Ligand SMILES: NC(=O)c1ccc[n+]([C@@H]2O[C@H](COP(=O)([O-])OP(=O)(O)OC[C@H]3O[C@@H](n4cnc5c(N)ncnc54)[C@H](O)[C@@H]3O)[C@@H](O)[C@H]2O)c1
Ligand SMILES: [Zn+2]
Ligand SMILES: [Zn+2]
């Protein structure tokens, strides 16, 4: 059977998001059909719309979602109809060289549903990050479903499906932030503020939020920033050094992903410190740095895909912390909107009005 539901589509480069009828097939082997409850609006959806990820239009947007499994393929045992799940874009294969060496969080062969969702005329859709959850139903690989506590607010925990997990993991997993560390985070949108929360959770004692938008800096304080720097007004490298005894931070996280913010991160870190790039650059961006500085300053320059998370390990653990009141996922949900308000949510992303708009389906 094919399910006809509404989905949020971008047909061509920078075309407005339109609500269209899409066709979602029943799950085949290894697949799960999920009724979506909530889906956050992530900057990566906007990157898709702008053609900054690839040209495989039309896109079915949305990928930070909570849902309920409604059907599974014949061989699926990991989830069952009725399970509350958070969707992930790291369904690990168990067989690639990363998985074999016991590092499935780097799986080089993650998978999505084999069948395609389509428009009514049969045009195949590209689901954002292999998920496509701005729709009443979506089809994913069963491994993209992480079973979670059904009592937790879907809007809040669904954000672990992308941006919040990316930020938390950039600090905790990739940056390996530890007790007593100093951490600076450049860019305090959903991802950056999550990195701030992650740094605080991991025991960092100096957590510096950097943004060009004072509203974002205010919110960063609520989630664990001990200091804020408005980089539209002052040199962030100097400011971070001043706040860290003149040395720079142990870990600097670039949650913007532009050459200028990366350079700030590079020079605002202490000798032997760590830079984590979690913001996603666009294809035309290039970076120029004196190679002698790369060598001379030591330490490590890392990038963080999805916060180096392992959904099956990290989502339930973080939801436990949330339910115990130790991780404020509610603070990321600025507003709850309808599926017809995604364009407005993109606007608000630019104006700095929200941390996350969450679509309720
Ligand atoms: N690595 C991953 O796995 C992963 C996952 C999700 C999102 N992302 C990426 O993370 C980035 C941030 O996502 P988001 O959802 O938080 O976006 P967002 O738009 O909510 O936040 C971006 C923030 O950066 C600030 N900013 C912009 N330019 C700046 C500058 N020059 N200096 C300082 N601050 C600046 C903005 O004011 C805003 O607060 C995006 O590039 C997104 O694609 C990466
Ligand atoms: Zn693998
Ligand atoms: Zn995302």
**Complete:** Of 269-279, 44-54, ordering from highest average Cβ density within 10 Å down gives 269-279, 44-54
**Prompt:** Most mobile of 286, 334, 261 per a Gaussian network model of the chain (Cα springs, under 10 Å)?
**Reply:** 286
**Asked** Comparing 303, 78, 231, which has the greatest mean-square fluctuation in the GNM of the chain with Cα pairs linked when under 10 Å apart?
**Response** 78
**Prompt:** Kirkwood hydrodynamic radius of the stretch 241-280 from all distinct Cα pairs, in Å?
**Reply:** 9.9
**Fill in**
Computed on Cα atoms, the radius of gyration and Dmax of the stretch 1-83 in angstrom are 14.4, 40
**Fill in**
The helix 311-323 Cα axis meets the longest alpha-carbon principal axis of the chain at an angle in degrees, between 0 and 90 and rounded to 10, of 70
**Fill in**
Note on the chain, DSSP bridge orientation, antiparallel percent to nearest 5 equals 55
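For the stretch 215-267, compute Rg over Rh where Rg is the Cα radius of gyration and Rh is the Kirkwood radius from the inverse mean 1/r over Cα pairs.
On the way: Rg = 11.1 Å, Rh = 11.8 Å.
Result: Rg/Rh = 0.94.
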**Item:** Using distinct alpha-carbon pairs, which all enter the 1/r mean, Kirkwood radius of the stretch 242-332 in Å
**Value:** 15.2
**Request:** Compare the peptides 12-23, 336-347 by average per-residue count of other Cβ atoms within 10 angstrom and give them in order, highest first.
**Result:** 336-347, 12-23
**Message:** What is the angle, in °, between the Cα long axis of helix 190-201 and the longest principal axis of the Cα atoms in the chain? Nearest 10 is fine, range 0 to 90.
**Reply:** 60
**Asked** Per Stokes-Einstein, at 10 °C and 1.306 mPa s, what whole-number D in µm² s⁻¹ belongs to the stretch 143-260, with the Kirkwood radius over Cα pairs as the hydrodynamic radius?
**Response** 110
**Message:** If you build the convex hull over the alpha carbons only and average its shadow over all orientations, what do you get for the chain? Give it in nm² to one decimal.
**Reply:** 17.2
**Message:** Looking at the chain as a GNM with Cα springs under 10 Å, which of 39, 309, 96 has the largest mean-square fluctuation?
**Reply:** 96
**Fill in**
Of 178-188, 125-135, ordering from highest average Cβ density within 10 Å down gives 125-135, 178-188
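Relative contact order for the chain using alpha-carbon pairs under 8 Å, separation at least 6, rounded to a whole percent?
Averaging sequence separation for qualifying contacts and normalising by length gives 17 percent for the chain.
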**Message:** Whole percent per 5 Å bin, from 0 to the bin with the longest distance: what is P(r) over all C-alpha pairs of the stretch 78-120?
**Reply:** 5, 20, 17, 19, 18, 13, 5, 2, 1
**Prompt:** Any idea what angle helix 342-351 forms with the longest principal axis of the chain, computed on alpha-carbon atoms, 0 to 90 degrees, nearest 10?
**Reply:** 0
**Request:** Along each of the three principal axes of the Cα atoms of the stretch 204-361, give the extent in whole Å, ordering the values from largest to smallest.
**Result:** 53, 34, 29
**Spin-label model distance (nm) - residue 360 vs residue 98, 7 Å beyond Cα toward Cβ** = 3.6
**Item:** Alpha-carbon centroids, the stretch 253-311 and the stretch 48-69: separation in whole Å
**Value:** 26
**Prompt:** When the C-alpha atoms of the stretch 33-171 are aligned to their principal axes, what extent does each axis show, in angstrom, from largest down?
**Reply:** 40, 32, 31
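Every number in this text was worked out from the coordinates using simple rules, so none of it is lab data. The structure presented is a predicted model; accordingly, all values stated were derived computationally and were not measured. Counting neighbours? That spans all protein chains shown, and the Cβs are built from the backbone with ideal geometry, glycine included.
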